[in-house]
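The values are calculated or read from the model by the stated rules, or taken from the named source; none is laboratory data. These numbers were taken from a predicted model, which means no experiment stands behind them. Because the Cβ atoms are built from the backbone with ideal geometry, glycine has one as well, and the counts that use them run over all protein chains shown.
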């Protein structure tokens with residue numbers, strides 16, 4: 001049975017909303033000070049600056065008017081996107097993260113747990129989010145996001161595609177208590193019940209590319225990412 005990762009993030013949101021976004025001990029509630037919280041928000045500004053510069057380098061001086069940040073958490077990136085775009089919506093599964101985040105955003109930014117019929121976004125962003133969603137759930141979520149894009153939409157979406165030895169040991173093999181091996185595939189039989197572990201999932205780049213083309217995103221670029229051995233890429237695309 002696939003792990004209920006939504007429940008994982010709901011629990012993180014309830015007890016450790018900032019650590020759940022960036023897993024460093026200084027972002028635990030017990031360690032938060034105004035200075036550390038400002039450091040947290042600055043990491044979001046730094047990441048958005050990179051994303052924004054890449055979008056402009058690849059696709060020119062477009063100025064999005066309505067952005068969606070998928071998997072926004074407490075709004076680490078969403079706040080920074082709001083400094084660039086007049087209307088920003090952040091979506092997250094955790095009610096407590098959304099509640100916490102809405103205390104820290106400007107009037108042009110709103111965090112929510114449900115998109116409803118919101119659509120016509122001209123910038124859709126997601127960073128270090130899909131990697132924590134099992135692909136059989138992630139692909140339909142991506143399909144839904146793409147269906148909400150307007151005719152001039154920009155995409156900045158991050159996925160992981162495979163793991164090297166570092167990440168296999170940290171996020172994969174040591175999570176398996178019992179399993180089978182047929183010479184090519186390790187098949188887990190019993191997994192670790194450690195609820196603190198943040199699971200990492202890999203996506204099929206070919207399938208993602210096909211989905212983008214099906215939704216008329218034909219100008220596509222990749223920028224390599226390496227998160228402690230979880231190998232992936234930012235997918236920058238435009239209609």
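A few notes on this one:
- Only a single criterion out of (1) outside any helix (DSSP H, G or I); (2) at pLDDT 90 or above is not satisfied by residue 51, namely (1).
- Among (1) at negative phi; (2) touching a strand residue (DSSP E or B) at 6+ places or on another chain (Cβ under 9 Å); (3) at pLDDT 95 or above - the single one residue 216 does not satisfy: (1)
- Residue tally, condition closer than 27 Å to residue 83 by Cα, touching a strand residue (DSSP E or B) at 6+ places or on another chain (Cβ under 9 Å) and touching a residue at least 40 places away in the same chain (Cβ under 8 Å), over segment 116-149: 19
- Residues in segment 1-40 that are assigned to a loop (DSSP other than H, G, I, E, B) and without any contact (Cβ under 8 Å) to a residue 40 or more places away in the chain were compared, and the one that is farthest from residue 80 (Cα to Cα) is 1.
- Out of 70, 27, 40, 59, one residue alone is in contact with a helix residue (DSSP H, G or I) (Cβ under 8 Å, 6 or more places away or on another chain) and over 22 Å from residue 108 (Cβ atoms). It is 27.
- Of the numbered criteria (1) within 16 Å of the chain's Cα centre (by Cα); (2) closer than 26 Å to residue 225 by Cα; (3) surrounded by fewer than 19 Cβ atoms within 10 Å (Cβ to Cβ), the one residue 113 fails is (2).
- Here 103, 84 are screened, and the one residue that is in a loop (DSSP other than H, G, I, E, B) and either touching a helix residue (DSSP H, G or I) at 6+ places or on another chain (Cβ under 6 Å) or closer than 22 Å to residue 234 by Cα (or both) is 84.
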